[in-house]
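Okay, so here's the structure we're looking at.
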Amino acid sequence: MFKIKNEFDNQISCSSSRDIINTDNCVFTSTSSRPSKSLIDCDLYKEHIKINKNYDEFSYIKNQNKSLEYFVLIETINFIKNKFNEEINYDDFSISFDNITINENANSNNIIYCIDNQLFEKNNDKKENSFNIIINNLLVIFKEINENDILIMNYLNLFTYPNAELLIIISLLFEKVIIYFCKILKQNILICKNYKKNDLNNIIYVFIKHIYKNTNKNIYIRQLGIFIDNNILETIKNYNIYIFNYYKNLQDIILNINFQDKEYFFKNYTKRLNIIKFSNECCHEFIEYNILNSNNNNNYFICKKCYDIFCIY
Ligand SMILES: [Zn+2]
């Protein structure tokens, strides 16, 4: 997880943002972007692309009568409650995942919830231009969003430069943006707090519209011409290393457990989200997993009754 708190527009006047966010700096191309050396560790990336991404420690979710999106909603709302101290009740949400859902909250800020299943890795075998899908969603959100609203959206990987540039642009629109890797979606989620209304919005709207018009299934963006600070590049690179290692470890774990055992992983996850509640008193009954990976050899224990995971070094 990392935060981008942008003070960009406090420091620069609107005329200089006009120079920074300039459609003339956009470069389009007929091939999708390659990962950028400034954003990834190349050796880990080479390993990463060979890993089978269909491994899923939460595949037990398919046994639930609630959808994947439901769990993502609860996860993100709990995240907002904890990080931002907002009082939100997810029972207020009417969920329709074909569209962007807006929770109109009379007492606090509205939440715009935009989890687009076209962006789910399994659905999108590079048939669609994911960047273009995000751009299109942003144009719809622009029309709906009001000052101080919160936006939750699933986002692209941060391996390529244009994806990182677009993140910087989105961060200019909000007071604070938090990026975290959602394990049940296996995707980045952006939680954007307090939409700001200022002169920059129009410049960004025109810019995004320009990208939308010029990209399609076969035309991609190579660069948006946005300068990214070295500290931010380094932060994103470390974040990507965390994701590569996550998949690497996941592969080791999944090879050692069967579908029934995944119930415990899933329930451990829902417990951490407070979806299911347990008393603190438990006479643990452990199942042991030997998880081998290249760095260490750990034994994990999951309690069959309370779903806590323990790791003994
Ligand atoms: Zn227990």
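Figure legend. Inter-residue proximity from the range 271-291: first residues on the phi > 0 side of the Ramachandran plot, second residues modelled with pLDDT of 75 or more and more than 11 Å from the ligand (Cβ to nearest atom), beta-carbon distance below 8 Å, spacing 6+ or different chains. Indicated pairs: N274/N78.
Per the listing K196, K186, K209, the residue uniquely of a type in the set (D, E, K, R), out of contact with any strand residue (DSSP E or B) (no Cβ under 6 Å at 6 or more places or on another chain) and closer than 30 Å to L250 by Cα is K186. For D116, the criteria (1) buried (at least 16 other Cβ atoms within 10 Å of the Cβ); (2) under 19 Å from N22 (Cβ atoms); (3) among the charged types (D, E, K, R) hold in every case but one, which is (2). Might you check whether a residue that is surrounded by fewer than 20 Cβ atoms within 10 Å (Cβ to Cβ), at pLDDT 90 or above, closer than 26 Å to N78 by Cβ and of a type outside the set (A, V, I, L, M) occurs anywhere in the range 196-203? Yes, some residue in the range 196-203 is surrounded by fewer than 20 Cβ atoms within 10 Å (Cβ to Cβ), at pLDDT 90 or above, closer than 26 Å to N78 by Cβ and of a type outside the set (A, V, I, L, M). Residue count for the range 182-195, restricted to those that are surrounded by 20 or more Cβ atoms within 10 Å (Cβ to Cβ), in contact (Cβ under 8 Å) with a residue 40 or more places away in the chain and among the aliphatic types (A, V, I, L, M): 3.
If you check E87, E57, E47 for being charged (D, E, K, R) and modelled with pLDDT of 80 or more, only one passes: E47. For residues that are buried (at least 19 other Cβ atoms within 10 Å of the Cβ), in contact with a helix residue (DSSP H, G or I) (Cβ under 9 Å, 6 or more places away or on another chain) and hydrophobic (A, V, I, L, M, F, W, C), tally how many sit in the range 68-84. Matching residues across the range 68-84 total 3. Scanning the range 208-219 for residues that are in contact (Cβ under 8 Å) with a residue 24 or more places away in the chain and surrounded by fewer than 19 Cβ atoms within 10 Å (Cβ to Cβ) gives K209, H210, Y212, N214, N216, K217, N218, I219. Applying the set (1) in contact with a helix residue (DSSP H, G or I) (Cβ under 8 Å, 6 or more places away or on another chain); (2) under 26 Å from F79 (Cβ atoms); (3) surrounded by fewer than 18 Cβ atoms within 10 Å (Cβ to Cβ); (4) among the hydroxyl-bearing types (S, T, Y) to T270 leaves exactly one unmet item: (3). The set of residues in the range 160-177 that are touching a helix residue (DSSP H, G or I) at 6+ places or on another chain (Cβ under 8 Å), surrounded by fewer than 21 Cβ atoms within 10 Å (Cβ to Cβ) and not in a helix (DSSP H, G or I) is empty. When L250, L255 are screened for being among the aliphatic types (A, V, I, L, M), more than 15 Å from the ligand (Cβ to nearest atom) and modelled with pLDDT of 70 or more, only L250 passes.
Total residues in the range 263-301 satisfying the condition of being near the ligand (Cβ under 9 Å from one of its atoms) and either modelled with pLDDT under 75 or of a type in the set (A, V, I, L, M, F, W, C) (or both): the figure is 4.
Here is a yes/no grid of residues against (1) of a type in the set (V, I, T); (2) outside any loop (DSSP other than H, G, I, E, B); (3) touching a His at 6+ places or on another chain (Cβ under 6 Å); (4) closer than 30 Å to N214 by Cβ:
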residue: D24; (1), (2), (3), (4): no, yes, no, yes
residue: F28; (1), (2), (3), (4): no, yes, no, yes
residue: T31; (1), (2), (3), (4): yes, no, no, yes
residue: P35; (1), (2), (3), (4): no, no, no, yes
residue: L39; (1), (2), (3), (4): no, no, no, yes
residue: L44; (1), (2), (3), (4): no, yes, no, no
residue: E47; (1), (2), (3), (4): no, yes, no, no
residue: N52; (1), (2), (3), (4): no, no, no, no
residue: D56; (1), (2), (3), (4): no, no, no, no
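The values are calculated or read from the model by the stated rules, or taken from the named source; none is laboratory data. Quick caveat, the model's predicted, so the values are computed rather than measured. As a convention, Cβ positions derive from the backbone with ideal geometry for all residues, glycine included, and neighbour counts pool all protein chains shown.
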